[in-house]
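Before any comments, here is the structure.
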Amino acid sequence: MMNKKKIVACIGLCLVLAISAWAARTAITPITPKGPYPGTVNAGDLALTFTAADTTNLNSFSATGTEVLIVQNSDAASQTITLTTKPDQFGRSADIATYSMAAGTFAVFNFRNANTGWVQSDGNIYFQASTTTVKFAVIRVP
């Protein structure tokens with residue numbers, strides 16, 4: 001009886017780990033800024049909305065090669081972000097890992113024309129933060 005319980009518990013744990021390993025990253029939807037001849041501009045049309053980091057599933061955005069990632073550390077303490085890369089012909093071989101951001105600061109990374117070494121096999125760019133007080137926005141520059 002005890003062995004069956006252990007087996008069932010092991011199978012259950014394996015299933016939980018397998019499901020979490022295949023969970024989709026939380027997508028950040030890029031915004032396209034208006035300008036220089038926007039026509040009518042309504043309230044909120046020029047707003048830049050930040051999304052809290054998903055520290056469980058991590059984050060991504062669909063890459064077109066025209067994006068800029070803006071990161072805000074809204075915490076009262078330093079926090080970190082990681083930008084996930086992959087090896088490329090320019091010698092990139094490691095992530096930008098645990099990049100430290102001081103409290104209340106912003107960071108910006110330009111992904112324009114940088115598809116090689118950044119875009120993962122699913123067409124997305126991957127990134128993550130150490131806490132949900134770090135927020136992301138993605139601008140797709142036309």
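The values are calculated or read from the model by the stated rules, or taken from the named source; none is laboratory data. What you see is a predicted model, and the numbers here were worked out from it, not measured in a lab. Backbone-built Cβ (ideal geometry, glycine too); neighbour counts: all protein chains shown. The accessibility values were calculated without ligands, DNA or RNA, using every heavy atom of the protein model including side chains. Shrake-Rupley method; radii C 1.70, N 1.55, O 1.52, S 1.80 Å.
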- For the subset of the stretch 61-87 comprising residues that are closer than 18 Å to Ile139 by Cβ and of a type in the set (Gly, Ala, Ser), which member is surrounded by the most Cβ atoms within 10 Å (Cβ to Cβ)? Ala63
- Message: Is it the case, given these coordinates, that Thr98 is β-branched (Val, Ile, Thr) and under 18 Å from Thr132 (Cβ atoms)?
- Response: yes
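Restricting to the stretch 92-129, what's the tally of residues that are at negative phi and part of a strand (DSSP E or B)?
Here is the first cut: in the stretch 92-129, the ones at negative phi are 92-97, 99-103, 105-112, 114-116, 118-122, 124-129.
Checking the rest, the ones that are also part of a strand (DSSP E or B) come to 96-97, 99-101, 106-110, 124-129.
Residues in the stretch 92-129 being at negative phi and part of a strand (DSSP E or B): 16 in total.
Looking only at the stretch 52-60, decide whether some residue is of a type outside the set (Phe, Trp, Tyr), surrounded by fewer than 16 Cβ atoms within 10 Å (Cβ to Cβ), under 19 Å from Ser121 (Cα atoms) and modelled with pLDDT of 95 or more. First the steps, then the outcome.
Quick first cut of the stretch 52-60, residues of a type outside the set (Phe, Trp, Tyr) only: 52-60.
Filter once more, so that each one left must be surrounded by fewer than 16 Cβ atoms within 10 Å (Cβ to Cβ): 55-57.
Within this subset, residues satisfying the condition of being under 19 Å from Ser121 (Cα atoms) are 57.
Restricting the remaining residues to those that are modelled with pLDDT of 95 or more gives 57.
Yes, the stretch 52-60 contains at least one residue that is of a type outside the set (Phe, Trp, Tyr), surrounded by fewer than 16 Cβ atoms within 10 Å (Cβ to Cβ), under 19 Å from Ser121 (Cα atoms) and modelled with pLDDT of 95 or more.
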- Message: Based on this model, can you work out whether Phe50 counts as within 18 Å of Lys135 (Cα to Cα) and touching a Leu at 6+ places or on another chain (Cβ under 8 Å)?
- Response: no
- Message: Checking the structure you have, find out if any residue of the stretch 95-103 is open to solvent by 30 Å² or more (accessible area, probe 1.4 Å), closer than 28 Å to Gly35 by Cα and not polar (S, T, N, Q).
- Response: no
- Item | Selection within the stretch 28-50 - open to solvent by less than 100 Å² (accessible area, probe 1.4 Å) and of a type in the set (Phe, Trp, Tyr) | Phe50
- Tally the residues that are open to solvent by less than 60 Å² (accessible area, probe 1.4 Å) and under 25 Å from Leu46 (Cβ atoms), restricting the search to the stretch 110-132. 3
- Can you tell me which residues in the stretch 133-142 are at pLDDT 95 or above, open to solvent by less than 50 Å² (accessible area, probe 1.4 Å) and closer than 26 Å to Phe90 by Cα? Val138, Ile139
- For the stretch 119-135, pairs from a residue that is more than 9 Å from Thr84 (Cα to Cα) and of a type in the set (Asp, Glu) to a residue that is open to solvent by less than 50 Å² (accessible area, probe 1.4 Å) and not in a strand (DSSP E or B), with Cβ under 7 Å and 6 or more apart or across chains, are none
